[in-house]
Amino acid sequence: MGRIPIASCDFSTKAYSYDDVPGDFNLTYFKLAKEDFTYKIPFIKEAMNLLKEDLVLFGTPWSAPGWMKTNNAMNGKGGIKGNPGGKYYKTWANYLMRFLEEYRANNVTLWGLTLQNEPTDGCILNFPFQAMCFPPDLQRDFLKLDFGPALKKAGFTPDNFRLMIGDDNRVILPKWADVRLYVTSYVMKSLPVEKYKRQALKPRSGVGNLTCKQAGELTRNL
């Protein structure tokens, strides 16, 4: 299994997105970066050739382009402008779809996607690298109003594409468990968590209707 950063991440040598043209809501100027063609895609294909079994890949965004965000930057404290259902969220949904389509056009098909890497990082003032504030309720509504319909229109379903929310520290897990994982546009099957700060999370019961299957480790449903 491998994770592909959607554009740049904290390990990138520079911050970059796939569309840095402000106001490009139609994503006319969207294109993969040099890093995709020089590093990511070639290494992925080499790994595919070396493996005797399928390579399972999922994508993760660290940040939307700065012009889509409240702080107009890929780092620091900021989230998508407006509200789910609005033009910025619609554009962000289409941006993610373009990433999936462009990689598929380069013979790299993704098994799944997490909606946001460590979505609490972008809620922290002066956060030093690419991040985006994306709390549970906004991810739920974004999925229901924007990204879920875009996925369904393109033929992605819970049976052929794994969509995951959470992707954050264990201490944040109760906040995700309190959000209903089922929305009308898509069914969430996985809630990945990271192992940082695990000592800060106390046992808790009564976290709603979250099942073991939904809250299990990522590999549980492979």
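Where a number appears in this text, it was derived from the coordinates with a stated rule and is not lab data. Since we're looking at a predicted model, the values are computed, not measured. Positions of Cβ are backbone-derived with ideal geometry, glycine not excepted, and every protein chain shown enters the neighbour counts.
Structural remarks
- Residue in segment 121-129 that is closer than 21 Å to Thr157 by Cβ and in a loop (DSSP other than H, G, I, E, B) present: no
- Meets criteria (without any contact (Cβ under 8 Å) to a residue 40 or more places away in the chain and surrounded by 15 or more Cβ atoms within 10 Å (Cβ to Cβ)) for Gly148: yes
- Residues satisfying the stated conditions in segment 4-35, i.e. surrounded by fewer than 17 Cβ atoms within 10 Å (Cβ to Cβ) and not in a loop (DSSP other than H, G, I, E, B): Lys34, Glu35
- Filtered residues of segment 62-115 (kept if under 22 Å from Tyr29 (Cα atoms) and of a type in the set (Phe, Trp, Tyr)): Trp62, Trp67, Tyr88, Tyr89, Trp92, Tyr95, Phe99, Tyr103
- Per-region count, segment 153-166, residues within 17 Å of the chain's Cα centre (by Cα) and farther than 15 Å from Trp111 by Cβ: 2
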